[in-house]
Structure formats: C-alpha cells, structure tokens
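Before any comments, here is the structure.
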Amino acid sequence: MKVAPKFLIYRNSRIMASERYNPRDAEPRWQAEWNEREIFKTDNDDPRDKYYVLEMFPYPSGRIHMGHVRNYAMGDVVARYKRARGYNVLHPMGWDAFGMPAENAAMQNKIHPKEWTYANIATMRGQLKSMGLSLDWSREFATCDVEYYQRQQSLFLDFLDKGLVYRKQSKVNWDPVDQTVLANEQVIDGRGWRSGALVEQRELTQWFFKITDFSQDLLDSLDELDQWPEKVRLMQKNWIGRSEGLTLRWETVGNELPEEFRDVTVYTTRPDTLFGASFLAIAADHPLAKYVAASNPAVADFAEECRRAGTSLAALETAEKKGMDTGVKVRHPFDSSWEIPVYIANFVLMDYGTGAIFGCPSGDQRDLDFARKYDLPVVPVVMPEGGDAASFTVGDTAYDGDGVMINSRFLDGKSTTDAFQEVADRLSATLLGGKPQAERKVNFRLRDWGISRQRYWGCPIPVIHCDECGVVPVPKKDLPVQLPDDINFDKPGNPLDRHPTWRNVKCPHCGKDARRETDTMDTFVDSSWYFARFTAPHADEPVITATADAWLPVDQYIGGIEHAILHLLYSRFFTRAMRETGHVNLKEPFKGLFTQGMVVHETYKLDDGANGTWVQPSEIRLEETDGVRRAFLAESGQEVTIGSIEKMSKSKKNVVDPDDIIASYGADTARFFMLSDSPPERDVIWTEAGVEAAHRFVQRIWRLVSEAAPALRGVKAAPAESGEALPVSQAAHKALLAVANDYDRLGFNKAVARVYELVNALAAPLTKAANEKVDEAYASALREATQILVQLFAPIMPHLAEECWKEIGCTGLISDAPWPAYLESLVVENTVTLPVQVNGKKRGELTIARDASQSDVEAAVLALDFVTSALAGATPKKIVVVPQRIVNVVV
RNA sequence: GCGGGCGUGGCGAAACUGGUAGACGCAAGGGACUUAAAAUCCCUCGGCCUUGGCUGUACGGGUUCGACCCCCGUCGCCCGCACCA
C-alpha cells in the first residue's frame with residue numbers, strides 16, 4: 001500500500017499548540033501498558049456478572065485480511081463496552097488450525113503442514129496484537145495443538161461409548177489418477193483439480209456422528225434463540241427440513257423379481273396426489289436399481305453416469321434431469337390394474353427418505369419436466385380453490401399449491417388436507433404382504449454428520465482395527481493418538497495410510513497385531529467445542545463442567561454468514577452430545593449471534609477480456625475528471641479497467657493488507673473505518689478515500705482535544721444544568737444515551753455517526769477553550785462532555801482514547817474506566833416539534849409543549865394558517881394525532 | 001435446481017420497525033486563510049420547474065388518514081447446498 005508521503009510524516013516539532021497524533025508511537029505504548037497491567041486477563045473466579053463475547057476464530061492461512069479486522073473490531077467493541085458496563089468479560093482467541101490448505105502448501109512448497117501452520121499463526125498473532133484487541137491471550141490455543149486434539153479424541157470416545165458415533169458406507173469423490181479423495185471444491189466440472197481425471201464416486205466405510213438423534217430438538221430449540229438473526233434460524237429450519245408424510249409400498253408387477261423386490265417403498269409428503277402418479281423414480285444406488293443394473297448394461301451405464309455427477313447437491317440439482325426406465329412396473333395402491341413404470345432418476349437421492357419417490361407431474365415442476373421429457377401422462381389432480389374442474393389443465397407449469405381434488409375418484413371435491421388424511425387412513429388399513437401398505441412418517445432432511453477424512457492434517461480418530469476384535473476404541477490412558485511428524489507428500493494419498501510404522505499397534509483388547517484408524521476428523525469437529533475449551537483452556541479434562549456451565553452460553557458470537565448452517569448446527573449438536581456425556585449442562589452454545597458482512601473492494605484489470613491480468617489496488621492511481629473515474633498503473637501510467645466490486649480475494653487481487661494500513665494510519669483508523677458507514681451485517685466497501693477520511697477524523701479529534709486540554713486539565717468535570725454551557729452538556733448526554741443504545745444493538749455505524757455529531761457540537765466550544773479564557777463552570781462542563789466523548793469512542797479507537805484521556809488530566813486507564821451515566825434532565829426536551837400533514841402530505845410544523853394534550857394539539861393545528869387555508873372553512877373529516885410524532889389533518 | 005438474503009442521492013448510509021425520506025460520512029462544487037500547496041474553517045449538494053410547488057426509496061399493483069417499512073407479482077445482484085474454512 002502506497003500512501004501519500006505527507007500522511008507518513010508525524011512531525012516532532014510543535015506546530016501551534018499541538019502536534020499531530022502519531023499512532024506509531026501511541027499504539028505500541030498503550031498496548032504495552034495494557035499488557036503489563038494484564039487488564040484483559042479474565043479471572044474465572046471474578047464474582048461480577050459474566051459476559052462471554054467471541055468472534056469466530058480464524059484459519060491460519062498466512063496473514064490476516066480485512067474481513068478479520070472487521071470481525072475482530074466488532075467483537076472488541078462489544079468486549080470493551082461490556083467491560084466498561086461492569087461485566088466480567090471473557091474475550092479469547094485461538095486458531096482453527098487443521099485443514100486442507102496446510103496439505104496443499106506441503107505439496108506445493110515442500111513444507112511440513114505443522115511448520116507452515118505454526119509459522120502462519122506466529123505471523124497472524126503479531127498482526128492481531130497490533131490491532132490492540134482486548135483479548136485474554138493467556139487462553140490462546142490452536143486446534144492442532146496436541147493438548148487440544150487429545151481432549152477432542154477423549155470426547156470422541158465418550159460419544160462412541162454413548163452410541164453417538166457409528167460407521168457406515170458413504171460416498172466420496174475419488175480421483176483415480178491421484179488415488180485420493182477429493183473435497184467438493186476440488187472437483188471442477190466433474191474432474192479432479194490437480195489431475196484433470198474424471199472423478200468417480202466410491203463407497204467407503206466412514207465415521208458418522210448421530211446428529212439426527214437430535215433433529216427434533218435442534219429444530220424446536222430454534223424458537224428459543226431469540227437473539228439470533230431470523231434468517232439464520234430459518235435457514236437452519238429448512239436445513240433440518242422436517243416433513244410429515246407417508247411411507248408407501250407399491251407392489252411390483254410379475255413374479256420374476258426376488259422376494260425383497262415384491263414391493264418398492266417410497267416416501268411422500270403429498271399422498272393426496274396419488275391419482276396423479278405417472279411414474280416411480282428411484283436413486284441410482286437403490287437396491288432395485290443395482291439389481292436391474294446387474295442384468296441390464298444400459299441401466300448399469302446410466303447408474304454409472306449418475307455416480308460420476310459428483311457428491312454435491314448443487315451439482316446434482318443443476319444438472320439436466322435424466323432418467324431411464326428399468327422395465328419394472330408397479331401397481332397403483334388403489335387400482336391393481338393400473339401399472340406404473342419405475343425409472344432410475346439422477347435427481348433422486350438414496351440419502352433422503354427411502355431413495356424412491358412417486359412422480360406426480362401435475363403437482364411438481366421437476367416431475368412435470370421429467371414427464372414431458374419421457375412422454376409420461378400428466379393428470380391434474382389439484383386445482384386452486386374456485387377453479388373449474390372441467391377446464392383446468394397443466395401446461396408447462398405444475399400447480400403445487402393447496403386446493404381442491406379433481407380426477408381422483410373418491411377424493412374428488414375434497415381439500416388437499418382432507419385427501420391427505422383419507423389416503424393415509426385407507427392405506428394404513430390396507431394390508432400388503434401382511435403389513436399395512438402405508439404408515440404416517442415424520443421425515444427429516446438432515447443427515448448424519450460424516451466426519452471421516454482421508455487426510456493427514458487433522459485430528460486422528462482414536463480407534464484401532466483388529467482382525468479378531470473388530471473396531472476397538474483407543475483406551476483413554478493411551479491418548480493422545482498423536483500425528484507422526486515424519487511424513488511426506490511425495491506420493492498421492494493419505495500419508496498416514498502409507499506410513500511405515502505409525503499404523504502398527506497392538507490391539508488393546510487381545511494384544512495381537514492390529515492397525516490404527518488412518519482417517520482424521522472433519523475440521524468442523526475442531527470448531528464445534530473450542531468455545532467451551534476457552535473457559536478452561538489448560539484443564540486435563542476437555543472442559544471443567546462447573547466452569548463451562550458458568551461461562552456458557554457465549555453471550556455474543558460474531559462471524560460470517562457463510563457459517564449460518566453447518567458450523568452453527570454442528571456446534572449445537574456437539575453441545576448436546578457433551579451434555580449427554582456429562583461434560584456440560586446446557587444445550588445451546590450461543591445465546592446471541594451476529595453475522596457480519598464481507599469486506600469488498602473494486603477490482604482492476606489490465607487488458608480487458610479473458611486474458612487480462614488483475615492488478616492490486618496498491619499499484620493503482622485513481623483520477624476523477626468531470627465525474628468519470630479512471631484508474632492507472634502508478635508505475636507506468638498505463639490505464640487499467642475499473643471492474644466490479646467483489647469480495648476481497650487473492651485471485652482477483654483486490655486485497656488490502658491490514659499490516660500496510662496499520663503501518664500507515666494506525667490500528668484505530670483501520671478499526672474505525674471498518675465500523676463506520678456500513679451497517680455491520682452488510683458488506684462494506686474498502687476505499688482509499690474512506691480510510692483517509694477516517695484518519696483525518698482521528699487527527700481532528702486529537703487536535704481539538706489536545707488544544708483545549710490545558711484549559712480542561714485543572715478543572716473538575718461537572719455537567720452544566722443551565723447557563724452558557726447547557727447545550728454542551730445536553731449534546732454530550734444525548735449522545736451518551738444514543739451511543740449506549742447503538743452499542744447494545746451492535747449498531748456500530750450509528751454509534752460512529754453520533755460520535756461525529758458530538759465532535760461537531762464540541763468543536764466550537766473546544767476551540768473557544770483553547771483560544772480564550774473561559775469561566776470555570778464552562779470549563780467543567782466542557783471537560784465532562786469531552787470525557788464522555790472520549791469514552792464513547794474508546795471501544796472503537798482505544799489507543800486514541802487512552803491518549804486523550806491522559807491529555808485532559810484523567811487518571812488511570814480508560815480501558816478500566818466505568819461507563820458514564822447520563823442525566824435524565826439533560827436529555828429530555830420541554831417542547832416537541834410535530835410535522836403537520838394535510839391528507840398525508842407534510843405542509844408545515846407545530847412546536848408545542850411536550851405534555852400538551854391531544855385536544856391542545858388539535859386546537860393548535862386548526863389555528864395554523866396553512867391548515868385553515870386547506871380547510872377553507874370546512875370541518876376536517878378526521879385529525880390523526882400520534883403523540884410526540886405527527887399530526888395528519890384529513891380534509 | 002432448492003433454500004436464504006439484499007435493492008434508498010454521484011457513493012456508503014439513516015429513518016426510533018407504519019408517522020417530516022436522505023441524519024452522519026465520502027466524493028464534488030464555491031468561498032476564507034496562505035507567496036503557493038497541504039491541512040484547517042465556512043457555504044451548496046436527490047431530480048424537475050420560478051420564491052413556492054411537483055416528484056422521488058429497483059419495477060408494477062394493493063392495504064392504510066399515512067408505506068422505504070405490511071401484502072401480491074416482476075426484475076437484478078449476493079450467499080449456502082453437507083469433504084473449503
């Protein structure tokens with residue numbers, strides 16, 4: 001980042017009464033002071049009310065980015081504000097340190113994942129420290145620390161013991177060339193990102209957490225999370241996907257199929273549409289599909305094609321809907337002469353329901369597209385209320401709403417709800433092969449959590465495979481199962497798998513030769529309980545129950561919206577599982593949740609089009625002539641294209657390094673800018689002009705405060721209740737009330753606007769105090785107002801606040817100072833100004849006593865000239881008076 | 001494809017959740033100070049016509065005394081989709 005040199009010169013010589021504020025001097029000085037006095041170290045035994053504020057811990061990718069600055073600045077404001085409000089605040093930091101990038105770095109740069117990770121942590125810790133965050137660093141840990149993952153293995157064993165862990169077959173993306181499992185993001189257009197080989201799906205036996213044991217509870221408890229964004233609760237609700245339906249068995253036609261295929265079970269939420277059924281669709285992995293494939297090469301080929309589509313749901317559903325007739329037919333449950341074909345379809349998932357559906361084309365768009373493609377009948381069975389049964393048809397759009405049944409024999413005329421019940425009742429009472437043909441069933445979309453990863457850089461799953469005893473848990477006394485250091489990534493595949501000795505172990509049960517599990521855990525496991533570990537980070541047990549119970553839930557959790565579903569749902573599950581295993585006594589880990597927006601930046605491209613190259617903002621010079629902005633390379637002057645505003649990413653090079661910003665402007669400026677202007681839940685656009693303006697404001701505050709300081713130092717701080725200084729005190733106390741309210745709601749941008757307003761209000765008084773003699777009452781009020789101002793911005797710009805605090809003669813650290821109390825008499829107004837509308841349009845104003853009665857207001861309004869002229873002698877139809885708000889005269 | 005969200009001046013936004021649309025800031029323009037520049041200070045700033053008014057919160061409808069806010073529909077952009085973290 002290149003900055004105009006004048007910004008970098010902080011002169012030592014005195015200019016007028018003060019010098020420029022120099023963050024490069026002040027910030028390290030105050031950080032050292034805080035550190036020395038250990039004021040951010042949290043005592044678990046402190047008797048005050050607790051407040052736990054946590055930001056999602058970072059992945060140690062190398063350097064912090066602006067998104068981190070924004071996230072941690074928000075958390076720090078909350079922490080500092082709550083500390084001032086008298087809480088015992090826990091505000092810890094750690095590292096989400098396992099994961100793929102370390103392995104990729106190992107392959108590309110021949111560096112050990114551990115070395116790479118800890119080096120990154122060291123760099124990023126330094127960067128975070130330069131931000132002046134009020135963190136308790138004594139609680140820091142990384143999830144790749146043996147001390148941490150040992151406890152995670154211990155939790156795993158407890159879960160296993162409790163029946164919350166099991167193994168089953170599950171599919172993975174397999175790269176046949178690299179002989180390795182690929183993450184979804186490593187599969188690009190169906191091919192491995194490194195090898196380019198067509199990706200296959202393979203079945204592996206993998207470990208799962210039984211999150212589905214808690215489906216209903218995870219859903220129900222969302223109602224209690226009233227300090228979560230509504231959208232996140234809704235997303236989780238949809239993800240869990242509770243539905244009420246019917247499992248329904250369809251008898252297959254003919255006797256040539258084996259016993260197990262005498263019927264096919266489907267799950268449906270729309271049994272009412274049964275008479276619109278025109279096909280059954282089963283997943284490529286359905287047992288019947290496999291059976292047919294064994295003797296039918298075309299079906300086998302098609303099933304294989306489906307398997308190549310990748311494991312991601314998005315890929316599956318975006319793909320063209322395809323199917324293939326298996327030749328098998330089934331009988332309609334209400335008419336044994338009605339035969340319906342069974343297709344294999346690429347959009348039916350074995351994981352959901354029973355892996356088989358019946359298709360009703362008139363009532364489901366996907367089924368309709370499918371039916372049109374394969375020329376299957378489309379019979380409308382539901383029409384909207386009030387429709388005409390004779391003329392209602394379905395063309396290109398299915399009708400999936402509620403309504404009235406048609407073309408459905410005994411259901412005709414019934415509502416969809418009644419038809420559902422009727423079908424369920426009848427088929428539950430019908431026997432097929434000695435069992436009811438249908439059963440009511442609550443189904444969840446939520447699947448169990450597969451945690452097996454065939455990778456090195458993760459927490460080893462602590463079990464042993466013995467030929468005699470099967471799967472044997474590692475005894476707790478043998479923990480940790482430590483990752484071996486002597487590995488390399490010369491060959492594809494999992495280094496643990498091919499390690500010469502690590503796998504070899506004696507069976508803890510029978511003592512014979514056995515093998516270690518070489519799968520490691522999904523990194524989401526690591527982040528599912530770190531918030532609990534922070535409460536007692538050095539304990540022998542995963543958590544100290546009483547301590548965890550005292551600190552949890554996290555009062556305010558702050559992080560990106562991208563974690564709205566998985567991380568938060570897994571953490572909610574984990575807390576429940578830890579409760580079942582006796583580690584904690586609560587089930588919801590996060591009381592308050594806040595999802596912040598991204599940091600975005602303009603992009604710059606040299607040579608337009610496909611082969612253009614992206615250019616970093618630091619290499620750019622911007623010009624504006626006649627309202628047109630143009631960008632040039634600073635070095636050569638060559639013009640570059642200004643592209644769209646996008647999330648900061650390395651690939652688009654539209655990144656700004658926080659280190660550069662902090663070095664040029666200081667941490668306070670960076671923090672202030674990240675919190676000002678944009679509401680925290682929305683994306684914020686990083687602009688040079690914005691940072692510079694923030695920095696100017698920092699300087700402005702310092703100049704005003706330091707110039708007036710000599711006049712303020714000697715006087716006692718006291719608000720003015722009357723006289724010349726009254727407006728000064730009123731402005732300060734009104735701002736105090738408003739900013740506290742803003743901080744309580746995480747409205748940082750609004751708090752910043754209030755701080756601007758207060759500075760504007762105090763600018764003239766401060767300048768006056770700096771330049772001329774003011775009386776003591778005035779100076780006292782001004783000092784009190786200035787102290788309030790400094791306290792208001794202290795959570796955002798703590799270093800500048802400490803500097804100002806000291807300058808105006810306050811003792812102690814502002815980081816330790818209690819939040820000031822506002823005076824009621826200084827914030828209430830005696831009169832109110834009401835806008836007056838005529839027929840809903842504003843025509844003027846009325847200033848009247850605050851406590852004026854409704855009839856007083858009406859009388860005063862009717863006397864206003866613009867009202868009398870609008871009325872022209874007539875009586876108003878109505879006068880709407882909203883107290884303290886508005887008056888509307890309806891003519 | 002499914003799920004979720006967002007859309008207000010040239011720009012970031014505010015509007016106490018149905019009550020003055022545009023607070024506060026950025027950018028721009030004008031002025032003061034200065035030998036000059038920077039910094040600083042003052043003024044203007046949604047659009048259209050004439051002081052006063054008309055119009056305006058993505059677009060089209062609706063409810064209401066009153067709609068950025070609630071309802072229905074349309075368009076555009078963003079995020080998630082279970083092995084990225």
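With assigned to a helix (DSSP H, G or I) and either closer than 22 Å to residue A:671 by Cα or at pLDDT 95 or above (or both) as the only criterion, which of A:785, A:770 stands out? Give the steps one after another, and end with the answer.
Details: A:770 fails: either closer than 22 Å to residue A:671 by Cα or at pLDDT 95 or above (or both).
Of the residues listed, the single one that is assigned to a helix (DSSP H, G or I) and either closer than 22 Å to residue A:671 by Cα or at pLDDT 95 or above (or both) is A:785.
Have a look at A:698, A:684, A:715, A:691 and point out the one that is free of Cβ contacts under 8 Å to residues at least 40 places away in the same chain and β-branched (Val, Ile, Thr). Step through it out loud before you land on a result.
On the way: A:698 fails: free of Cβ contacts under 8 Å to residues at least 40 places away in the same chain; A:684 fails: free of Cβ contacts under 8 Å to residues at least 40 places away in the same chain; A:715 fails: free of Cβ contacts under 8 Å to residues at least 40 places away in the same chain.
Just one listed residue meets the conditions, A:691.
Checking residue A:639 against (1) in contact with a helix residue (DSSP H, G or I) (Cβ under 9 Å, 6 or more places away or on another chain); (2) among the acidic types (Asp, Glu); (3) over 23 Å from residue A:756 (Cβ atoms), which single condition isn't satisfied?
Single failed check for residue A:639: (1).
Let me confirm something: among A:726, A:736, which residue is hydrophobic (A, V, I, L, M, F, W, C) and within 38 Å of the chain's Cα centre (by Cα)?
Values: A:726 fails: within 38 Å of the chain's Cα centre (by Cα).
Among A:726, A:736, only A:736 is hydrophobic (A, V, I, L, M, F, W, C) and within 38 Å of the chain's Cα centre (by Cα).
Going through A:445, A:453 one at a time, which residue ends up being modelled with pLDDT under 95, within 36 Å of the chain's Cα centre (by Cα), open to solvent by 40 Å² or more (accessible area, probe 1.4 Å) and closer than 30 Å to residue A:268 by Cα? I'd like the intermediate steps shown before the answer.
Working: A:453 fails: closer than 30 Å to residue A:268 by Cα.
On inspection, the qualifying residue turns out to be A:445.
Under the condition of being of a type in the set (A, V, I, L, M) and under 30 Å from residue A:825 (Cα atoms), which residue from the stretch A:835-850 is most open to solvent (accessible area, probe 1.4 Å)? Can you show your working first?
The first filter runs over the stretch A:835-850 and keeps only residues of a type in the set (A, V, I, L, M), leaving A:836, A:838, A:846, A:848-849.
Cutting the leftovers down to under 30 Å from residue A:825 (Cα atoms) gives us A:836, A:846, A:848-849.
Numbers: A:836: 0, A:846: 15, A:848: 28, A:849: 46 Å².
Checking each candidate, the answer is A:849.
Among A:549, A:485, A:497, which is the only one that is within 14 Å of RNA strand B (Cβ to nearest atom), of a type in the set (D, E, K, R) and touching a residue at least 24 places away in the same chain (Cβ under 8 Å)? Working first, answer last.
On the way: A:549 fails: within 14 Å of RNA strand B (Cβ to nearest atom); A:485 fails: within 14 Å of RNA strand B (Cβ to nearest atom).
Step by step, each of A:549, A:485, A:497 is checked, and only A:497 is within 14 Å of RNA strand B (Cβ to nearest atom), of a type in the set (D, E, K, R) and touching a residue at least 24 places away in the same chain (Cβ under 8 Å).
Could you check the stretch A:303-316 and list, in sequence order, the residues that are touching a Gly at 6+ places or on another chain (Cβ under 8 Å), open to solvent by less than 30 Å² (accessible area, probe 1.4 Å) and of a type in the set (A, V, I, L, M, F, W, C)?
A:316
Out of all the residues in the stretch A:73-80, is one or more surrounded by 20 or more Cβ atoms within 10 Å (Cβ to Cβ), within 30 Å of residue A:488 (Cβ to Cβ) and within 15 Å of RNA strand B (Cβ to nearest atom)?
Applying the first criterion (surrounded by 20 or more Cβ atoms within 10 Å (Cβ to Cβ)) to the stretch A:73-80 yields A:73-80.
So of that shortlist, the ones also within 30 Å of residue A:488 (Cβ to Cβ) come out as none.
No, because not a single residue in the stretch A:73-80 is surrounded by 20 or more Cβ atoms within 10 Å (Cβ to Cβ), within 30 Å of residue A:488 (Cβ to Cβ) and within 15 Å of RNA strand B (Cβ to nearest atom).
Every residue in the stretch A:493-517 that is over 33 Å from the mean Cα position of the chain (by Cα) and at positive phi, please.
Passing the criteria: only A:511.
Considering only residues that are over 30 Å from residue A:706 (Cβ atoms) and either touching a strand residue (DSSP E or B) at 6+ places or on another chain (Cβ under 6 Å) or free of Cβ contacts under 8 Å to residues at least 24 places away in the same chain (or both), which ones fall in the stretch A:21-46? Let's see the steps before the verdict.
Applying the first criterion (over 30 Å from residue A:706 (Cβ atoms)) to the stretch A:21-46 yields A:41-46.
Hits for the stretch A:21-46 are A:42, A:45, A:46.
Consider the stretch A:82-122. How many of its residues are within 16 Å of RNA strand B (Cβ to nearest atom), at pLDDT 95 or above and more than 23 Å from the chain's Cα centre (by Cα)?
Narrowing the stretch A:82-122 to residues within 16 Å of RNA strand B (Cβ to nearest atom): A:93-108, A:113-114, A:116-118, A:120-121.
After this cut, where a residue has to be at pLDDT 95 or above as well, the list is A:93-98, A:113-114, A:116-118, A:120-121.
Right, trim to more than 23 Å from the chain's Cα centre (by Cα) and you get A:113-114, A:116-118, A:120.
Of the residues in that region, 6 qualify.
Restricting to the stretch A:568-621, count the residues that are open to solvent by 20 Å² or more (accessible area, probe 1.4 Å) and either at pLDDT 95 or above or more than 25 Å from residue A:66 (Cβ to Cβ) (or both).
Selection size over the stretch A:568-621: 15.
Just checking: which of the helices (runs of 4 or more DSSP H) contained wholly in the stretch A:518-582 hold 2 or more residues that are within 16 Å of the chain's Cα centre (by Cα)?
In the stretch A:518-582, A:566-580 are the helices (runs of 4 or more DSSP H) which contain 2 or more residues that are within 16 Å of the chain's Cα centre (by Cα).
With respect to residue A:555, determine if the residue is under 25 Å from residue A:229 (Cα atoms), modelled with pLDDT of 95 or more and of a type outside the set (Val, Ile, Thr).
Values: under 25 Å from residue A:229 (Cα atoms): yes; modelled with pLDDT of 95 or more: yes; of a type outside the set (Val, Ile, Thr): yes.
Judged against the criteria, residue A:555 is a match.
Which count do you get for residues in the stretch A:316-360 that are within 16 Å of RNA strand B (Cβ to nearest atom) and closer than 21 Å to residue A:424 by Cα?
At the first step, the residues of the stretch A:316-360 found to be within 16 Å of RNA strand B (Cβ to nearest atom) are A:316-323, A:345-355, A:357, A:359-360.
So of that shortlist, the ones also closer than 21 Å to residue A:424 by Cα come out as A:352-355, A:357, A:359-360.
Residues flagged as within 16 Å of RNA strand B (Cβ to nearest atom) and closer than 21 Å to residue A:424 by Cα within the stretch A:316-360 amount to 7.
Please report, ordered by residue number, the strands (runs of 3 or more DSSP E) entirely within the stretch A:129-238 with at least 2 residues that are closer than 21 Å to residue A:575 by Cβ, near RNA strand B (Cβ under 10 Å from one of its atoms) and modelled with pLDDT of 95 or more.
Working: elements: A:165-175, A:180-182, A:200-209.
Per the criteria, A:200-209.
Kindly list, by first and then second residue, each pair from a residue in the stretch A:851-864 that is within 13 Å of residue A:831 (Cα to Cα) to a residue that is open to solvent by less than 30 Å² (accessible area, probe 1.4 Å), limited to pairs with Cβ atoms under 6 Å and residues at least 6 apart or on different chains.
Sorted first by the residue in the stretch A:851-864, then by its partner, the pairs are A:857/A:881.
Find the residue count for the stretch A:253-271, including only residues that are among the β-branched types (Val, Ile, Thr) and surrounded by fewer than 18 Cβ atoms within 10 Å (Cβ to Cβ). Full working, then the answer.
As a first pass, look at the stretch A:253-271 and keep what is among the β-branched types (Val, Ile, Thr): A:253, A:264-266, A:268-269.
Those still in the list that are surrounded by fewer than 18 Cβ atoms within 10 Å (Cβ to Cβ) too: A:253, A:265, A:269.
Residues that pass the stated criteria total 3.
May I ask you to list the residues in the stretch A:178-199 that are in contact (Cβ under 8 Å) with a residue 60 or more places away in the chain, touching a Gly at 6+ places or on another chain (Cβ under 7 Å) and either of a type in the set (Val, Ile, Thr) or within 20 Å of residue A:491 (Cα to Cα) (or both)?
A:178, A:179, A:180, A:187, A:198, A:199
Just checking, which of A:274, A:280 is open to solvent by less than 20 Å² (accessible area, probe 1.4 Å), outside any helix (DSSP H, G or I) and in contact (Cβ under 8 Å) with a residue 40 or more places away in the chain?
Numbers: A:274 fails: outside any helix (DSSP H, G or I).
Step by step, each of A:274, A:280 is checked, and only A:280 is open to solvent by less than 20 Å² (accessible area, probe 1.4 Å), outside any helix (DSSP H, G or I) and in contact (Cβ under 8 Å) with a residue 40 or more places away in the chain.
Out of the residues in the stretch A:352-370 that are in contact with a Ser or Thr (Cβ under 9 Å, 6 or more places away or on another chain) and surrounded by fewer than 22 Cβ atoms within 10 Å (Cβ to Cβ), which is modelled with the lowest pLDDT?
Taking the candidates together, the pick is A:365.
Which condition does residue A:161 not pass, out of (1) farther than 21 Å from residue A:302 by Cα; (2) touching a helix residue (DSSP H, G or I) at 6+ places or on another chain (Cβ under 9 Å); (3) touching a residue at least 60 places away in the same chain (Cβ under 8 Å), if it passes all the others?
All conditions pass for residue A:161, except number (2).
Within the stretch A:317-335, track down each residue that is open to solvent by less than 40 Å² (accessible area, probe 1.4 Å), in contact with a helix residue (DSSP H, G or I) (Cβ under 9 Å, 6 or more places away or on another chain) and touching a residue at least 24 places away in the same chain (Cβ under 8 Å).
Answer for the stretch A:317-335, where residues must be open to solvent by less than 40 Å² (accessible area, probe 1.4 Å), in contact with a helix residue (DSSP H, G or I) (Cβ under 9 Å, 6 or more places away or on another chain) and touching a residue at least 24 places away in the same chain (Cβ under 8 Å): A:323, A:326, A:328, A:332, A:333.
Does residue A:28 satisfy being modelled with pLDDT of 95 or more, open to solvent by 20 Å² or more (accessible area, probe 1.4 Å) and not in a helix (DSSP H, G or I)? Walk me through how you get there before you give the answer.
Working: modelled with pLDDT of 95 or more: yes; open to solvent by 20 Å² or more (accessible area, probe 1.4 Å): yes; not in a helix (DSSP H, G or I): no.
When the stated conditions are applied, residue A:28 does not pass them.
The values are calculated or read from the model by the stated rules, or taken from the named source; none is laboratory data. If you're wondering where the values come from, they're calculated on a predicted model, not measured in any experiment. Glycine also receives a Cβ, built like all others from the backbone with ideal geometry; neighbour counts cover every protein chain displayed. Quick note on the areas: whole protein, heavy atoms, side chains included, nothing else; ligands and nucleic acids left out. Shrake-Rupley method; radii C 1.70, N 1.55, O 1.52, S 1.80 Å.
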